[in-house]
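See structure below.
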Amino acid sequence: MARKKLAVLLFAAIMLIGLAGQSFVQGVPSAEAKEKHAKTLVMGTSADYPPYEYIDTAKSNEIIGFDIDIAKHIADELGYNLVVKDMDFNGLVPAVDSGRVDFVMAGMTPNEERKQKVDFSKIYYSAQQLIVTNDKNIKEIEDLKGKALGVQLGSIQEKEAKKITDKVDEVKLEKRNKIPDLVQELQTGRIDAAIIEDGVAVEYLNKNSKLKAFVIPNTGSAGSAAAFPKGSKLTEQFNQEIDKMKESGELDKLVQKWFKIEKKDSEKEDTSGIDFSAISIPFILKGIITTLKFVSVSIVLGFFLGSLLALMKIAKFAPLRWFADAYTSIFRGTPLILQLLFFYFATPQLTGYEISPFLAGVLTFGLNSAAYISEIIRAGINAVDKGQREASLALGVPYSKMMRQIILPQALKNILPALMNEFITLTKESAIIAVIGVMDIMRRSQIVGADTYRYFEPLIVAGLIYYVMVMALTVLGRMVERRMSRGD
């Protein structure tokens, strides 16, 4: 049995090294791009904002759109390869401020709050703000009285919404992380209207016959600009290239390419009902590999660190017990998503180390899981008959050998169900890493929803995948439990 355990541990260690190595490949330019330029620029964006930036899930994993084309053109002119990182919109400014990305292009409008954190380029595109609704009775701003109005969190539309609430009574403001979330809330009736930029709204209006829109009076947008770290030399370089694109007509060509209006009622798609053929299931399935890598490495890290913490908690040396108890208290006493965002955004700011989303997720979940696993293992060790310890000490068996060969094997047999439950919980909670842009199952299902304007189907597919993974872990746990019960 000891040899079998050793083989399993060795395999886990090899898998840890291999998977961790593969994870750092994410975000690296293609070999073709490497040959073109020696330098690289990292751009942050939120790929749920067609036609500015999005993923056509039926065709590829590549982020495309108006902003992407502009960024590629400018980066190429400046002699850089472009790497695009996808993340939540409200995390873009912190990403620039902490140095996680070199710049941001995401249909972002400069405002005073953002200018305090980052520098902006010249405006490269100006737009109008629209009220989008499926309520036939909402035809002007005053009709929003007593209605629920949705906006994207941290966006310029949020400022416009506050102006409306100051002017019209009883307007309930609802904030969501993404524009697709707002459209989904409109379709389900949770909100009555949403403020969306005209270039983005066109995509939804063309594909949903139930939606209509009108322009908010006197709210010409300040326009979209690229955001840079304070004092970055890239700001002036981008300004010069934006001027060149305007003068040459290159910018107008891209506007025509991405903001073409094809609003014909006969061609509108009805997104009501259930139709799994309308979504790209293979695109979601590709996220299984990323999720399995993440969960596998996190489980290995959590188990080994949890075992060490458990031994520290029963040690006679008081400072070890204090450290282990403080560690457990911190990780059990704070929200998991807070820990994830801390590792992802604070690490570059505090240490200057550019931590990858995958590594940030592994550290967060591994360290968090270790706190719970340590308590499980400690309880298992304490449950072993004290007489066995006394007998081992009486026979002169060293403490380390006693724990490794006598106490821990018995403890593991007793706590196996609890350990498997922790691993299952970790597998389900891994969906949280979608908020930092890791292309796991959940993130891909969200992207499919944004691309197809359907949300029920991709979420059902994602749910089924997680269910199958959890059931597989459950069966595996029962198999191991039966083998251990036979004393193999």
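The values are calculated or read from the model by the stated rules, or taken from the named source; none is laboratory data. Keep in mind that this is a model prediction, so the values were computed, not measured. Here Cβ is always computed from backbone atoms with ideal geometry, including for glycine, and neighbour counts include all displayed protein chains.
Among the residues of the range 151-164, those identified as of a type in the set (Val, Ile, Thr) and in a helix (DSSP H, G or I) are ILE156, ILE164.
Restricting the search to the range 313-330, which residues are of a type outside the set (Gly, Ala, Ser) and buried (at least 19 other Cβ atoms within 10 Å of the Cβ)?
Going residue by residue through the range 313-330, those that are of a type outside the set (Gly, Ala, Ser) are 313-314, 316-317, 319-323, 325, 327-328, 330.
Correct list: LYS313, THR328.
Filtering the range 345-394 to residues that are outside any helix (DSSP H, G or I) and either at pLDDT 80 or above or among the aromatic types (Phe, Trp, Tyr) (or both) leaves TYR353, ILE355, SER356.
The requirement of being closer than 30 Å to ASP76 by Cα, in the same structural domain as SER46 (by TED's automatic domain parsing) and not in a helix (DSSP H, G or I) is fulfilled nowhere in the range 178-188; no residue meets it.
Taking LYS401 as the residue in question, decide whether it is of a type in the set (D, E, K, R) and at pLDDT 85 or above. Criteria not met by LYS401. For the range 165-186, the set of residues classified as of a type in the set (S, T, N, Q) and at pLDDT below 85 consists of ASN177, GLN184, listed by residue number.
Every listed requirement among (1) modelled with pLDDT under 90; (2) of a type in the set (A, V, I, L, M, F, W, C); (3) in the same structural domain as PRO51 (by TED's automatic domain parsing) is met by ALA106 save one, (1).
Hey, any hits in the range 165-177 for a residue that's surrounded by 14 or more Cβ atoms within 10 Å (Cβ to Cβ), in a helix (DSSP H, G or I) and either outside the structural domain of TYR453 (by TED's automatic domain parsing) or among the small types (Gly, Ala, Ser) (or both)? Don't jump to the end; show me each part of the working.
Initial filter on the range 165-177 (surrounded by 14 or more Cβ atoms within 10 Å (Cβ to Cβ)): 165, 168, 171, 173-177.
Imposing the further condition that a residue be in a helix (DSSP H, G or I) reduces the set to 165.
With the extra rule that they be either outside the structural domain of TYR453 (by TED's automatic domain parsing) or among the small types (Gly, Ala, Ser) (or both), the set shrinks to 165.
Checked against the condition, which is being surrounded by 14 or more Cβ atoms within 10 Å (Cβ to Cβ), in a helix (DSSP H, G or I) and either outside the structural domain of TYR453 (by TED's automatic domain parsing) or among the small types (Gly, Ala, Ser) (or both), the range 165-177 yields at least one hit.
Return yes when ILE433 is surrounded by fewer than 24 Cβ atoms within 10 Å (Cβ to Cβ) and either in a helix (DSSP H, G or I) or on the phi > 0 side of the Ramachandran plot (or both) and no when it is not. No; evaluated as a whole, the condition is false for this residue. Which residue is modelled with the lowest pLDDT, if the candidates are limited to the range 422-481 and must be closer than 17 Å to ILE288 by Cβ and of a type in the set (Gly, Ala, Ser)? Taking the candidates together, the pick is ALA434. More than 22 Å from the chain's Cα centre (by Cα) and modelled with pLDDT under 90, is that true of GLY273? The answer is yes for GLY273.
Within the range 55-76, restricting attention to residues that are crowded, with 20+ Cβ neighbours inside 10 Å and in contact with a helix residue (DSSP H, G or I) (Cβ under 6 Å, 6 or more places away or on another chain), the residue that is farthest from ASP252 (Cα to Cα) is THR57.
Can you list the strands (runs of 3 or more DSSP E) found entirely within the range 29-122 that contain at least 1 residues being among the charged types (D, E, K, R) and over 24 Å from SER280 (Cβ atoms)?
Details: elements: 39-45, 80-86, 118-120.
Result: 39-45, 118-120.
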